[in-house]
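The values are calculated or read from the model by the stated rules, or taken from the named source; none is laboratory data. The shown structure was predicted, so the numbers you read here are calculated from the model rather than taken from an experiment. We work out accessible area using only protein heavy atoms, side chains counted, and drop any ligands, DNA or RNA first. Shrake-Rupley method; radii C 1.70, N 1.55, O 1.52, S 1.80 Å.
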Amino acid sequence: MEHWGPERLDDLARLVDRALPEEGLTADELMASSWDDPGIVLGTQAGDGAVSAVVRSFGELRIGWVKLIVVAPERQREGLGKALLH
């Protein structure tokens, strides 16, 4: 896994289009949810999987959540999504 910055937006958009075509997420929506709202985006070097997550602190309480996890159709059911979560 590697850190994906906003320069990988096109890669993320292509991956989402392939894996989640019914969602109709635009590049602008992906930019807003993945990079404009500070968090982290991790993806594979091959570009066949990515996860966008955020952790927020509220005093001593830290809460994290996954905003998006996406795996290319041909790589699904191989454990890649699980690896992205770890």
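When only residues in region 41-56 that are among the small types (Gly, Ala, Ser) and assigned to a strand (DSSP E or B) count, which is most open to solvent (accessible area, probe 1.4 Å)?
Applying the filter and picking the extreme gives Ala53.
Say we look at region 7-40 and pick out the residues that are open to solvent by 70 Å² or more (accessible area, probe 1.4 Å) and not acidic (Asp, Glu); which of these is farthest from Ala72 (Cα to Cα)?
Pro38
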